[in-house]
1. Distances longer than 38 Å among the Cα atoms of the chain: what percent of all pairs is that?
2. Sort the stretch 96-250 into rounded, prolate or oblate with this rule: let a ≥ b ≥ c be the square roots of the eigenvalues of the Cα gyration tensor; rounded if a/c is under 1.5, and if a/c is not under 1.5, prolate when a/b is larger than b/c, oblate otherwise.
3. Within the chain, which is the longest segment containing none of the GluC sites (Glu not before Pro) that sit in a DSSP loop and have at most 11 other Cβ atoms within 10 Å?
4. If you filter the stretch 217-287 for trypsin sites (Lys or Arg not before Pro), then keep DSSP loop positions with at most 16 other Cβ within 10 Å, what is left?
5. Taking H placed 1.01 Å from N in the peptide plane, check which residues at least 5 places from TYR38 or on another chain put their amide H under 5 Å from its amide H.
6. Once amide H atoms are built 1.01 Å from N in the peptide plane, which residues 5 or more positions from ILE212, or in another chain, come under 5 Å H to H?
7. At 37 °C and 0.692 mPa s, grab the translational diffusion coefficient of the stretch 11-76 from Stokes-Einstein with a Kirkwood Rh over Cα pairs, rounded to a whole number in µm² per second.
8. Kyte-Doolittle cut-off 1.6, length cut-off 24 Å along the helix's own axis using Cα: show which whole DSSP H helices in the chain pass.
Amino acid sequence: MIRNILIYNSGGGVGDSIQLFDIVSSLKKSFSHSNIYYLGAHQNHFNGLLKEFNLSLKTLDLDLKYFGFRWWHLLQAKKKFLNTKIDRIDLIIDLQSKLRNTLILKQIPCNYFYSPTYNFRFTSIKSNYHKTNYDNKILLQNLEILISQKINYEKYNLKSISNDYFNEAKKLLPKDNYIGFSLTQGNLYRKKSWDLENFIKLANIVSKKEYIPVFFVQKEHVEIIKKIKNEVKNSIFPEEKSKLSGPTFVTALSTCLKKAVSIDNGIMHMIGLSNIPMIVLFGPTNSSKFSPRKDNIKVLDSKIMYNSSDINKITVEDVIEFI
(Lines give C-alpha, C1' and ligand atoms only; values in the text may rest on other atoms or scores of the structure.)
Protein backbone atom coordinates (compact mmCIF):
# COMPACT_ATOMS: atom_id res chain seq x y z
CA MET A 1 0.00 0.00 0.00
CA ILE A 2 1.27 3.46 -0.90
CA ARG A 3 0.86 5.56 2.25
CA ASN A 4 3.50 8.27 1.84
CA ILE A 5 4.49 9.86 -1.48
CA LEU A 6 7.26 12.42 -1.90
CA ILE A 7 7.50 14.73 -4.91
CA TYR A 8 10.88 16.40 -5.47
CA ASN A 9 10.92 19.55 -7.59
CA SER A 10 14.21 21.36 -8.13
CA GLY A 11 12.61 24.27 -10.03
CA GLY A 12 12.00 27.38 -7.96
CA GLY A 13 9.50 29.40 -9.99
CA VAL A 14 5.73 29.58 -9.67
CA GLY A 15 5.47 28.39 -13.27
CA ASP A 16 7.50 25.27 -12.44
CA SER A 17 4.95 24.38 -9.79
CA ILE A 18 1.94 25.10 -12.02
CA GLN A 19 3.36 22.65 -14.56
CA LEU A 20 2.94 19.95 -11.89
CA PHE A 21 -0.78 20.60 -11.32
CA ASP A 22 -1.96 17.67 -13.45
CA ILE A 23 0.54 15.32 -11.80
CA VAL A 24 -0.57 16.37 -8.33
CA SER A 25 -4.26 16.15 -9.29
CA SER A 26 -3.72 12.64 -10.66
CA LEU A 27 -1.85 11.45 -7.57
CA LYS A 28 -4.43 12.94 -5.21
CA LYS A 29 -7.21 11.19 -7.13
CA SER A 30 -5.52 7.79 -7.33
CA PHE A 31 -4.06 7.88 -3.80
CA SER A 32 -6.81 9.73 -1.97
CA HIS A 33 -5.91 8.17 1.39
CA SER A 34 -2.18 8.76 1.08
CA ASN A 35 0.02 11.55 2.42
CA ILE A 36 1.64 13.50 -0.42
CA TYR A 37 4.72 15.50 0.56
CA TYR A 38 6.59 18.16 -1.37
CA LEU A 39 10.34 18.66 -1.22
CA GLY A 40 11.88 21.47 -3.23
CA ALA A 41 15.11 23.31 -3.62
CA HIS A 42 12.97 26.39 -2.98
CA GLN A 43 9.74 27.18 -1.14
CA ASN A 44 6.55 25.16 -1.47
CA HIS A 45 4.43 27.41 -3.70
CA PHE A 46 1.48 25.02 -3.39
CA ASN A 47 1.02 26.27 0.16
CA GLY A 48 2.13 29.82 -0.63
CA LEU A 49 1.41 31.88 -3.75
CA LEU A 50 -0.62 29.03 -5.26
CA LYS A 51 -2.60 28.19 -2.13
CA GLU A 52 -5.94 29.38 -3.55
CA PHE A 53 -5.74 26.75 -6.30
CA ASN A 54 -6.48 24.28 -3.48
CA LEU A 55 -3.85 21.69 -4.34
CA SER A 56 -2.03 21.85 -1.04
CA LEU A 57 0.88 19.47 -0.43
CA LYS A 58 2.51 18.76 2.88
CA THR A 59 6.02 20.20 3.05
CA LEU A 60 8.84 17.83 3.92
CA ASP A 61 11.10 20.19 5.83
CA LEU A 62 14.62 18.76 6.12
CA ASP A 63 16.16 22.10 7.08
CA LEU A 64 18.54 21.91 4.10
CA LYS A 65 18.38 25.11 2.08
CA TYR A 66 18.46 24.60 -1.72
CA PHE A 67 18.03 20.88 -1.20
CA GLY A 68 20.00 18.84 -3.71
CA PHE A 69 22.20 21.68 -4.92
CA ARG A 70 24.99 21.25 -2.35
CA TRP A 71 27.18 18.16 -2.30
CA TRP A 72 27.34 18.19 1.51
CA HIS A 73 23.60 17.45 1.56
CA LEU A 74 24.65 13.91 0.63
CA LEU A 75 25.89 13.46 4.21
CA GLN A 76 22.87 15.09 5.83
CA ALA A 77 19.78 14.04 3.89
CA LYS A 78 19.17 10.67 5.56
CA LYS A 79 19.96 11.99 9.04
CA LYS A 80 17.61 14.93 8.61
CA PHE A 81 14.84 12.69 7.32
CA LEU A 82 15.17 10.30 10.27
CA ASN A 83 14.60 13.29 12.54
CA THR A 84 11.12 13.76 11.05
CA LYS A 85 8.06 11.90 12.31
CA ILE A 86 7.77 9.95 9.06
CA ASP A 87 9.05 6.38 9.31
CA ARG A 88 9.49 5.80 5.60
CA ILE A 89 8.46 7.08 2.17
CA ASP A 90 6.70 4.52 -0.02
CA LEU A 91 7.22 6.34 -3.33
CA ILE A 92 9.72 9.09 -4.19
CA ILE A 93 9.18 10.89 -7.49
CA ASP A 94 12.25 12.72 -8.76
CA LEU A 95 11.10 15.29 -11.32
CA GLN A 96 14.57 16.38 -12.46
CA SER A 97 17.61 14.68 -13.96
CA LYS A 98 20.73 16.19 -12.37
CA LEU A 99 23.04 13.46 -11.03
CA ARG A 100 24.00 15.35 -7.86
CA ASN A 101 20.39 16.08 -6.89
CA THR A 102 19.30 12.51 -7.58
CA LEU A 103 22.13 10.99 -5.51
CA ILE A 104 21.21 13.23 -2.58
CA LEU A 105 17.48 12.54 -2.89
CA LYS A 106 18.15 8.78 -2.98
CA GLN A 107 19.52 8.96 0.58
CA ILE A 108 15.94 9.23 1.86
CA PRO A 109 14.66 5.72 2.77
CA CYS A 110 11.87 4.55 0.45
CA ASN A 111 10.27 1.47 -1.10
CA TYR A 112 10.01 2.79 -4.66
CA PHE A 113 12.34 5.40 -6.13
CA TYR A 114 11.57 6.94 -9.53
CA SER A 115 14.04 9.12 -11.40
CA PRO A 116 14.76 9.81 -15.10
CA THR A 117 18.43 10.56 -14.32
CA TYR A 118 20.91 8.65 -16.49
CA ASN A 119 18.15 6.91 -18.42
CA PHE A 120 16.33 5.73 -15.24
CA ARG A 121 19.45 4.06 -13.83
CA PHE A 122 18.54 5.05 -10.27
CA THR A 123 14.91 3.94 -10.48
CA SER A 124 14.46 1.12 -7.98
CA ILE A 125 13.03 -1.44 -10.43
CA LYS A 126 14.63 -1.84 -13.84
CA SER A 127 12.22 -1.77 -16.77
CA ASN A 128 11.61 -0.26 -20.18
CA TYR A 129 10.48 3.17 -19.08
CA HIS A 130 9.42 5.73 -21.66
CA LYS A 131 11.34 8.95 -22.12
CA THR A 132 8.90 11.57 -20.92
CA ASN A 133 10.07 14.60 -22.95
CA TYR A 134 8.26 16.70 -20.31
CA ASP A 135 4.96 14.84 -20.86
CA ASN A 136 3.06 14.39 -17.59
CA LYS A 137 0.94 11.54 -18.96
CA ILE A 138 4.02 9.52 -19.85
CA LEU A 139 5.54 10.20 -16.43
CA LEU A 140 2.43 8.76 -14.79
CA GLN A 141 2.62 5.73 -17.10
CA ASN A 142 6.20 5.17 -15.93
CA LEU A 143 5.05 5.31 -12.31
CA GLU A 144 2.43 2.68 -13.13
CA ILE A 145 5.19 0.42 -14.46
CA LEU A 146 7.25 0.98 -11.32
CA ILE A 147 4.59 0.29 -8.69
CA SER A 148 2.35 -2.04 -10.76
CA GLN A 149 -0.69 0.06 -10.00
CA LYS A 150 -3.07 2.03 -12.21
CA ILE A 151 -2.84 5.84 -11.96
CA ASN A 152 -5.62 7.64 -13.78
CA TYR A 153 -4.67 10.90 -15.47
CA GLU A 154 -6.59 13.73 -13.85
CA LYS A 155 -6.35 17.19 -15.38
CA TYR A 156 -6.48 20.07 -12.91
CA ASN A 157 -10.07 21.25 -12.50
CA LEU A 158 -10.72 25.00 -12.43
CA LYS A 159 -13.74 24.29 -10.23
CA SER A 160 -11.23 23.90 -7.41
CA ILE A 161 -10.96 27.71 -7.42
CA SER A 162 -13.46 29.78 -5.44
CA ASN A 163 -16.30 31.26 -7.52
CA ASP A 164 -15.48 34.67 -6.05
CA TYR A 165 -12.56 34.97 -8.46
CA PHE A 166 -14.64 34.12 -11.53
CA ASN A 167 -17.50 36.40 -10.51
CA GLU A 168 -15.11 39.30 -10.10
CA ALA A 169 -13.44 38.50 -13.41
CA LYS A 170 -16.79 38.61 -15.23
CA LYS A 171 -17.56 42.01 -13.71
CA LEU A 172 -14.25 43.44 -14.90
CA LEU A 173 -14.24 41.74 -18.32
CA PRO A 174 -17.91 41.34 -19.32
CA LYS A 175 -17.40 41.34 -23.12
CA ASP A 176 -16.15 38.63 -25.47
CA ASN A 177 -13.46 40.44 -27.44
CA TYR A 178 -10.46 40.66 -25.11
CA ILE A 179 -6.88 39.77 -26.05
CA GLY A 180 -4.52 39.25 -23.10
CA PHE A 181 -0.85 40.25 -22.96
CA SER A 182 1.87 39.22 -20.49
CA LEU A 183 5.23 40.84 -21.08
CA THR A 184 7.38 40.99 -17.93
CA GLN A 185 9.67 38.27 -16.65
CA GLY A 186 10.06 37.45 -12.98
CA ASN A 187 13.49 35.83 -13.12
CA LEU A 188 16.05 38.16 -14.69
CA TYR A 189 18.82 35.60 -15.18
CA ARG A 190 18.02 35.32 -18.90
CA LYS A 191 16.75 37.84 -21.42
CA LYS A 192 13.28 36.43 -22.07
CA SER A 193 11.35 39.68 -22.59
CA TRP A 194 10.05 40.73 -25.97
CA ASP A 195 10.56 44.45 -26.57
CA LEU A 196 7.86 46.67 -25.02
CA GLU A 197 7.47 48.58 -28.28
CA ASN A 198 6.51 45.31 -29.98
CA PHE A 199 3.75 44.70 -27.45
CA ILE A 200 2.48 48.26 -27.86
CA LYS A 201 2.44 47.94 -31.65
CA LEU A 202 0.69 44.58 -31.43
CA ALA A 203 -1.91 45.89 -28.97
CA ASN A 204 -2.72 48.83 -31.24
CA ILE A 205 -3.13 46.49 -34.22
CA VAL A 206 -5.62 44.27 -32.36
CA SER A 207 -7.43 47.41 -31.19
CA LYS A 208 -8.03 48.36 -34.81
CA LYS A 209 -9.49 44.88 -35.31
CA GLU A 210 -11.99 45.73 -32.57
CA TYR A 211 -10.36 43.67 -29.83
CA ILE A 212 -9.64 45.12 -26.39
CA PRO A 213 -6.06 44.65 -25.08
CA VAL A 214 -5.87 43.36 -21.50
CA PHE A 215 -2.48 43.59 -19.79
CA PHE A 216 -1.22 41.46 -16.92
CA VAL A 217 1.63 43.52 -15.50
CA GLN A 218 2.77 43.49 -11.87
CA LYS A 219 1.99 46.76 -10.10
CA GLU A 220 5.63 47.47 -9.34
CA HIS A 221 6.32 48.05 -13.05
CA VAL A 222 5.03 51.61 -12.78
CA GLU A 223 6.83 53.05 -15.80
CA ILE A 224 5.82 50.19 -18.08
CA ILE A 225 2.17 50.55 -17.08
CA LYS A 226 2.30 54.30 -17.58
CA LYS A 227 3.84 53.97 -21.05
CA ILE A 228 1.27 51.39 -22.17
CA LYS A 229 -1.63 53.52 -20.94
CA ASN A 230 -0.27 56.52 -22.82
CA GLU A 231 0.23 54.66 -26.10
CA VAL A 232 -2.57 52.06 -26.09
CA LYS A 233 -5.66 54.14 -25.44
CA ASN A 234 -8.19 51.37 -24.78
CA SER A 235 -5.87 49.14 -22.74
CA ILE A 236 -7.21 47.52 -19.57
CA PHE A 237 -5.27 46.59 -16.44
CA PRO A 238 -7.96 44.60 -14.58
CA GLU A 239 -6.03 43.99 -11.37
CA GLU A 240 -5.91 47.75 -10.73
CA LYS A 241 -9.70 47.80 -10.40
CA SER A 242 -10.09 44.99 -7.89
CA LYS A 243 -9.20 44.11 -4.33
CA LEU A 244 -8.45 40.59 -5.56
CA SER A 245 -5.00 39.75 -6.91
CA GLY A 246 -2.54 36.93 -7.32
CA PRO A 247 -2.12 33.87 -9.56
CA THR A 248 -5.64 32.50 -8.97
CA PHE A 249 -7.19 35.80 -10.05
CA VAL A 250 -5.03 35.91 -13.19
CA THR A 251 -6.32 32.45 -14.15
CA ALA A 252 -9.93 33.50 -13.51
CA LEU A 253 -9.48 36.67 -15.59
CA SER A 254 -7.92 34.62 -18.38
CA THR A 255 -11.12 32.60 -18.80
CA CYS A 256 -12.71 35.84 -20.07
CA LEU A 257 -10.14 36.27 -22.86
CA LYS A 258 -10.50 35.36 -26.52
CA LYS A 259 -6.78 34.68 -26.80
CA ALA A 260 -3.52 35.58 -25.05
CA VAL A 261 0.06 36.45 -26.04
CA SER A 262 2.84 35.86 -23.51
CA ILE A 263 6.55 35.46 -23.06
CA ASP A 264 7.94 32.58 -21.00
CA ASN A 265 7.02 33.56 -17.45
CA GLY A 266 4.86 32.52 -14.51
CA ILE A 267 1.83 34.40 -15.81
CA MET A 268 2.02 32.34 -19.03
CA HIS A 269 1.33 29.23 -16.94
CA MET A 270 -1.45 30.94 -14.95
CA ILE A 271 -3.15 31.85 -18.23
CA GLY A 272 -2.50 28.37 -19.60
CA LEU A 273 -4.67 26.83 -16.87
CA SER A 274 -7.69 28.63 -18.35
CA ASN A 275 -7.28 26.57 -21.55
CA ILE A 276 -7.85 29.53 -23.90
CA PRO A 277 -5.89 29.76 -27.21
CA MET A 278 -2.40 31.16 -26.65
CA ILE A 279 0.61 32.46 -28.56
CA VAL A 280 3.80 32.09 -26.52
CA LEU A 281 7.17 33.60 -27.37
CA PHE A 282 10.46 31.92 -26.52
CA GLY A 283 14.07 33.03 -26.85
CA PRO A 284 16.85 31.56 -24.68
CA THR A 285 14.67 29.10 -22.75
CA ASN A 286 13.49 25.65 -23.83
CA SER A 287 10.02 25.90 -25.38
CA SER A 288 9.55 22.10 -25.33
CA LYS A 289 10.14 22.05 -21.59
CA PHE A 290 8.44 25.24 -20.44
CA SER A 291 5.49 25.92 -22.76
CA PRO A 292 2.05 25.06 -21.30
CA ARG A 293 0.84 21.51 -21.97
CA LYS A 294 -2.20 22.19 -24.14
CA ASP A 295 -3.44 21.73 -27.69
CA ASN A 296 -4.64 25.23 -28.61
CA ILE A 297 -1.26 26.91 -28.38
CA LYS A 298 1.12 28.36 -30.96
CA VAL A 299 4.76 28.42 -29.89
CA LEU A 300 7.03 30.97 -31.57
CA ASP A 301 10.63 30.07 -30.71
CA SER A 302 13.38 32.32 -32.06
CA LYS A 303 15.83 29.39 -31.91
CA ILE A 304 13.67 27.44 -34.34
CA MET A 305 12.47 30.34 -36.48
CA TYR A 306 15.68 32.38 -36.70
CA ASN A 307 18.40 30.11 -35.29
CA SER A 308 18.95 32.65 -32.51
CA SER A 309 18.27 32.77 -28.76
CA ASP A 310 17.38 36.46 -29.14
CA ILE A 311 13.61 36.59 -28.63
CA ASN A 312 13.47 39.97 -30.38
CA LYS A 313 14.21 38.29 -33.68
CA ILE A 314 10.51 37.40 -33.57
CA THR A 315 8.56 40.16 -35.32
CA VAL A 316 5.15 41.68 -34.68
CA GLU A 317 4.14 40.31 -38.08
CA ASP A 318 5.08 36.80 -36.94
CA VAL A 319 2.68 37.12 -34.00
CA ILE A 320 -0.19 38.94 -35.69
CA GLU A 321 -0.45 36.14 -38.24
CA PHE A 322 -1.93 33.93 -35.52
CA ILE A 323 -4.31 36.55 -34.11
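1. 20 percent
2. Numbers: a/c = 2.90, a/b = 2.16, b/c = 1.34.
Taking the square roots of the gyration eigenvalues as a ≥ b ≥ c, the stretch 96-250 is prolate.
3. Longest run free of exposed loop sites: 1-209.
4. Filter output for the stretch 217-287: LYS219, LYS233, LYS243.
5. Those qualifying (amide H under 5 Å, at least 5 residues apart or on another chain) are ILE7, LYS58, THR59, LEU60.
6. TYR178, ILE179
7. Taking Rh from Cα pairs, D becomes 256 µm²/s.
8. Values: long enough: none.
Helices meeting the span and hydropathy rule in the chain: none at all.
The values are calculated or read from the model by the stated rules, or taken from the named source; none is laboratory data. Just so it is clear, the structure is predicted and the values come from calculations on it, not from any experiment. Reconstructed Cβ throughout: ideal geometry from the backbone, glycine too, with neighbour counts over all protein chains shown. Only protein heavy atoms, including side chains, enter the accessible area calculation; ligands, DNA and RNA are left aside. Shrake-Rupley method; radii C 1.70, N 1.55, O 1.52, S 1.80 Å.
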